[in-house]
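Here is the structure we will look at.
The values are calculated or read from the model by the stated rules, or taken from the named source; none is laboratory data. This one's a predicted model, so the numbers in the text were calculated from it and none came from an experiment. Cβ atoms come from the backbone with ideal geometry, glycine included; neighbour counts cover every protein chain shown.
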Amino acid sequence: MIYARWLEKPDFTDADVATVLAHEVGHGLARHSSESLSRSIVLGLLGGIIISKADPVNKVHVIKGVLAIIDIINAFFSRRREVEADRIGMMLMAAAGYDPRRVCRSFARNISIPRAITGQPTLLERKELRS
């Protein structure tokens, strides 16, 4: 997802655009959407089976537990996908003649978006990817 307001910033350079686009293309090349859809189907089916076997008295608690477990699993894979998209994006940037070390500077400008919402790696994690 690309936030259009980033592009409106006067100091947003072509390298910043390349960073964001390369990251998003990285998601596409890694087929993260297909992967997420497949996982959602499997988790939904498994969750449905577990819920269907639950005692009616405890069904609400079982549903909450299943949903919490699904959220934890999805959060784990979300972080992995973001790191993978960063790695692919840096390779694409380098191939296009941009400095992959630029990634941290570009994402640092957009620190105002809460990590809990984006699932994006921290700047420290991105710096470790560069090295």
Problem - Residues that are surrounded by 14 or more Cβ atoms within 10 Å (Cβ to Cβ) and more than 19 Å from R31 (Cβ to Cβ), drawn from region 86-100 - result: M93, Y98, D99, P100
Completion exercise
If we keep only residues of region 55-84 that are modelled with pLDDT of 90 or more and small (G, A, S), then the residue nearest to the chain's Cα centre (by Cα) is A68
Problem - Lone qualifier among V83, V66, V57 - being surrounded by fewer than 10 Cβ atoms within 10 Å (Cβ to Cβ) and either at negative phi or not in a helix (DSSP H, G or I) (or both) - result: V57
Exercise for the section: Of all residues in region 89-102, count the ones that are assigned to a helix (DSSP H, G or I) and closer than 13 Å to V20 by Cβ. Expected result: 5
